[in-house]
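Engineer: Below: one structure in structure tokens.
Bear in mind that the values in this text are calculations on the coordinates, not laboratory data. All values reported here derive from a predicted model rather than from experimental measurement. Cβ atoms come from the backbone with ideal geometry, glycine included; neighbour counts cover every protein chain shown.
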Amino acid sequence: MSRQLAELRANPPRPDREWQTAGVVRAVISDAQVVVLSHGEMPGYMRAMTMGFRAATPRLYEGIKVGDEVEFTVRGRPPRVAITAMAKIAPGASLGTPAPAADSGRDGRRARP
């Protein structure tokens, strides 16, 4: 037990960190629960690039398709990070403006205003 305490004191656990950026979906690999994104810089973590990120849950990429512009949050301790939030950006909207949710009726068609 004292050996474990000494190791914890020498190497304290690092807290999770979080980064937010925007990007374009390049692929969704459902079998691996991975979303490939061309994304902006994540200051203090990585430069802008195209890479795959594990999604914390498959619900995050439901309704997301290749070519969609998204804002997303990555959380964890590098190199073990995962997407924890993702939202489409409305076409022509500025960064920070998620796409409006589709309002559908019981039959799946768009509800009338």
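Engineer: From Gly23, Gly76, Gly52, which residue is surrounded by 10 or more Cβ atoms within 10 Å (Cβ to Cβ) and in contact with a His (Cβ under 6 Å, 6 or more places away or on another chain)?
Structural biologist: Criteria check complete, one pass: Gly23.
Engineer: Also: Inside the range 39-70, can you point out the residues that are acidic (Asp, Glu) and under 11 Å from Trp19 (Cα atoms)?
Structural biologist: Glu41
Engineer: Among the candidates Gly63, Gly76, Gly40, Gly67, single out the residue that is over 11 Å from the mean Cα position of the chain (by Cα) and more than 26 Å from Pro91 (Cβ to Cβ).
Structural biologist: Of the residues listed, the single one that is over 11 Å from the mean Cα position of the chain (by Cα) and more than 26 Å from Pro91 (Cβ to Cβ) is Gly76.
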